[in-house]
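Here is the structure we will look at, set down as structure tokens.
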Amino acid sequence: MLSDGVVRLRAESADDAAAHAAAFADPEFLRFSDWHPLLHGEIVDRIRGYEVQREEGVGIAFAITAAVDSSVLGEITVNGIDKSRSVASIGYWLIPDARGRGASTRAVRLVAAWALGDLGLERLEITCGPDNVASRRVAERSGFRFEGRLRSHIPFKGHRRDSLLFSLIRQDLASR
């Protein structure tokens, strides 16, 4: 478990499915995501899938919770872990009521310090759509540096989408 006294990151469980459902049904979430499991069983399978990724060493998901009352605020993942290259990506989302209070930034800072420290990675990346201003701000406030625009980066809602690329390397973390 990781905490800064305001947010806590803990392993996800099937009990978190209701928070996932609330986020996945939100129009703002749907604007920036092209996947959204709707059925409880699909959400539980998704959460269990992260356990398999953790066991395989290629990804891990944490529930972002309030440190005070442990209410679920969202999720943060370290995915695409490539030990041979010492890199991984970070993804995150919050339930609608948790947005705008710095929880994502706090969670990204916590997981980045853990991944670049305890996990031994050298580089972390965050990508987001060019129109996802909130995600871009989280990356910047968390110390990630803007590296550029990846043209036609990923399939998205029936076409291809550009992505903005941000990175944080171990040396950046040490210089704070």
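The values are calculated or read from the model by the stated rules, or taken from the named source; none is laboratory data. Remember, it's a predicted structure, so these values are computed and weren't measured experimentally. Neighbour counts are summed over all protein chains in view; Cβ atoms, including those assigned to glycine, are modelled from backbone coordinates with ideal geometry. These area figures cover heavy atoms from the full protein model, side chains too; ligands, DNA and RNA do not enter into them. Shrake-Rupley method; radii C 1.70, N 1.55, O 1.52, S 1.80 Å.
Here are some notes:
- Criterion violated by PHE156 - all others in (1) in contact (Cβ under 8 Å) with a residue 40 or more places away in the chain; (2) under 15 Å from the mean Cα position of the chain (by Cα) satisfied: (2)
- The residue list ALA88, ALA112 contains one member that is of a type in the set (Gly, Ala, Ser), modelled with pLDDT of 95 or more and part of a strand (DSSP E or B), which is ALA88.
- A single member of ILE76, ILE47, ILE95 is touching a residue at least 24 places away in the same chain (Cβ under 8 Å), aliphatic (A, V, I, L, M), touching a Gly at 6+ places or on another chain (Cβ under 8 Å) and more than 14 Å from LEU2 (Cβ to Cβ), and it is ILE95.
- Residue check for ASP162: in contact with a Lys or Arg (Cβ under 7 Å, 6 or more places away or on another chain), within 20 Å of PHE32 (Cβ to Cβ) and not small (Gly, Ala, Ser): yes
- Scope the range 67-85; condition in a strand (DSSP E or B) and more than 16 Å from the chain's Cα centre (by Cα); matching residues: ASP82
- Answer residue from the range 32-56, given it is within 18 Å of the chain's Cα centre (by Cα) and surrounded by fewer than 11 Cβ atoms within 10 Å (Cβ to Cβ) and is nearest to ASP118 (Cα to Cα) among those: VAL52
- Close pairs (7 angstrom Cβ cut-off, 6 or more residues apart or separate chains): charged (D, E, K, R) in the range 102-131, in a loop (DSSP other than H, G, I, E, B) anywhere: ARG106/ASP4; ARG106/VAL6; ARG109/SER142; GLU122/SER86; ARG123/SER86
This table checks each residue for (1) closer than 22 Å to ARG161 by Cβ; (2) of a type outside the set (Lys, Arg).
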residue: GLY91; (1), (2): yes, yes
residue: LEU94; (1), (2): yes, yes
residue: ASP97; (1), (2): no, yes
residue: ARG106; (1), (2): no, no
residue: GLY120; (1), (2): no, yes
residue: ARG123; (1), (2): no, no
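- For the range 6-23, a residue qualifies if it is at pLDDT 90 or above and open to solvent by 40 Å² or more (accessible area, probe 1.4 Å), and the qualifying residues are VAL6, ARG8, ARG10, ALA11.
- Scanning the range 1-26 for residues that are β-branched (Val, Ile, Thr) and outside any loop (DSSP other than H, G, I, E, B) returns a single hit, VAL7.
- Restricting the range 124-153 to residues that are under 21 Å from PHE29 (Cβ atoms) and of a type in the set (A, V, I, L, M), the residue that is surrounded by the fewest Cβ atoms within 10 Å (Cβ to Cβ): VAL133
- ILE60 falls short on exactly one of the conditions (1) part of a loop (DSSP other than H, G, I, E, B); (2) within 15 Å of the chain's Cα centre (by Cα), and that condition is (1).
- One residue from LEU39, LEU9, LEU30, LEU2 being farther than 28 Å from GLY120 by Cα and touching a Phe, Trp or Tyr at 6+ places or on another chain (Cβ under 9 Å): LEU30
- Residues that are open to solvent by 40 Å² or more (accessible area, probe 1.4 Å) and either modelled with pLDDT of 95 or more or in a loop (DSSP other than H, G, I, E, B) (or both), drawn from the range 96-109: ARG99, GLY100, ARG101, ARG106, ARG109
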